[in-house]
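All remarks here apply to the structure that follows.
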Amino acid sequence: MTAITPQSGIMDIKLYQSGASGAEGQSNVLKLSSNENLAGPSPEAIDAYSRAGRGLNIYPPTDQIALRTAIGEVHDLDPERIICGVGSDEIITFLCQAYAGIGDEVLFTEHGFSMYRISALAAGATPVEVAERDRVVDIDAIVAGCTDKTRLVFIANPANPTSTMISVAQMSELAERLPPHVILVLDGAYAEFVDGYDGGASIVEARENVVMTRTFSKLYGLGGLRVGWGYAPQAIIDVLNRVRGPFNLSVPALAAAEAAVRDQTYADKCRADNARWRTWLAEALAALGVPSDTSLANFILARFATKVEANACDDFLKTQGILVRRVGGYGLPNCLRITIGDEAACKRVAHAVAQFKEDGETG
Ligand SMILES: *Cc1c(COP(=O)(O)O)cnc(C)c1O
């Protein structure tokens with residue numbers, strides 16, 4: 001026995017499972033396991049990143065004003081109420097650290113993103129999971145799950161790994177029905193993929209109890225750089241800025257993200273390509289007997305008859321150099337989450353699943 005022990009809750013954290021990135025003996029690996037943008041970031045972002053290399057001797061600005069202004073201009077938001085973080089994961093961490101501690105509850109739904117649980121435990125709080133309805137967030141269950149101890153409610157919209165979404169009207173209704181001591185966090189990691197959707201920004205503006213988180217890791221193709229942001233009422237921003245490290249984002253990260261958000265031509269193209277090939281792949285797999293819910297994100301959740309079949313298909317895809325995500329850890333053991341790539345990637349997936357199905361039928 002050692003006298004040195006971590007804070008309560010820390011040892012209950014199960015390490016985050018990231019998407020597989022290599023396949024044994026495969027050279028032409030297609031990585032569709034982490035919802036990355038296979039087309040990469042905007043060329044403008046890459047240029048900005050390279051140019052920033054010359055200034056690496058200088059600390060980054062602590063106010064992050066250039067990036068916040070760019071985000072504000074593009075999304076028509078008040079830069080004063082934006083906070084930037086090392087991925088939106090860091091914004092989630094700040095929220096838990098600032099608002100939830102020992103004895104407090106952090107609520108999310110049964111197939112909710114795994115970082116909510118990890119960040120709640122890291123803050124010493126108690127994670128609480130409530131049911132979804134057919135893989136869709138259920139606002140009645142969330143309201144019913146709130147207690148005096150609830151401090152934060154996290155929902156992703158569209159959600160990962162389910163790909164489903166609730167309406168803005170439902171999000172508003174949920175915000176309205178939560179007890180006054182609860183903050184609703186709308187995780188908009190996939191908001192950019194939904195045409196005309198503001199990620200819940202209008203709800204943040206109308207209320208005191210709602211925060212929106214966003215990321216450069218998905219549509220903007222900057223997952224390797226680690227940049228995300230949050231939009232919140234001023235009082236909450238003032239709290240989060242106290243726990244944010246003054247230099248949390250590096251000079252190249254700030255520069256590349258600013259260039260990326262300003263290149264909406266590139267973002268529009270990525271959004272349109274994703275929508276096109278997402279529909280194509282969903283239909284191709286459905287025709288093979290592998291349905292999925294209508295996705296609003298950059299992945300589909302392919303549903304197999306059983307866990308055994310899902311795992312067998314995953315194993316087969318690996319032999320073809322295709323990496324997708326098992327989601328048994330999310331309570332979806334008969335599903336595989338597949339990121340939408342370009343035309344060639346989607347065709348390769350459909351072809352491989354067809355082969356898997358054929359092999360299953362013949363032998
Ligand atoms: C990918 C993802 C994030 C965060 O990603 P960052 O890279 O930390 O910005 C947050 N929420 C959900 C639901 C995600 O899928």
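In table form, for the structure just shown:
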item	result
Residues whose placed amide H lies under 5 Å from that of Asp104, excluding near-sequence neighbours	Thr126
Qualifying lysines (Cα of each under 23 Å from Cα of Lys14; at least 8 residues distant if same chain)	Lys307
Spin-label model distance (nm) - Lys347 vs Gln234, 7 Å beyond Cα toward Cβ	5.6 nm
Charge tally in the Cβ shell below 10 Å around Arg117, where Lys, Arg are +1 and Asp, Glu are -1, Arg117 excluded	-1
By average C-beta atoms within 10 angstrom, highest first, the peptides 226-237, 345-356, 52-63	226-237, 345-356, 52-63
Cβ-Cβ FRET estimate between Thr2 and Arg242, R0 fixed at 35 Å, reported to 0.05	0.60
Length released on extending from Asp78 to Val136, taking residue separation times 0.36 nm less the Cα-Cα span	17.8 nm
Peptides ranked, highest mean first, by Cβ atoms within 10 Å: ranges 155-166, 244-255, 102-113	155-166, 102-113, 244-255
Over 24 Å between alpha carbons, listed pairs Lys218/Lys357; Lys269/Lys347; Lys31/Lys347; Lys31/Lys357; Lys31/Lys218	Lys218/Lys357
Dimensions (Å) - the chain, Cα atoms, principal axes, largest first	63, 53, 50
Förster radius 35 Å - calculated FRET efficiency between Val29 and Leu56 (Cβ-Cβ, nearest 0.05)	0.65
Distance between region 324-363 and region 127-158 - C-alpha centres, whole angstrom	29 Å
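Each reported figure results from applying straightforward, stated rules to the coordinates on display, with no laboratory input. This one's a predicted model, so the numbers in the text were calculated from it and none came from an experiment. When we count neighbours, we look across all protein chains shown, and the Cβ atoms used for this are built from the backbone with ideal geometry, even at glycine.
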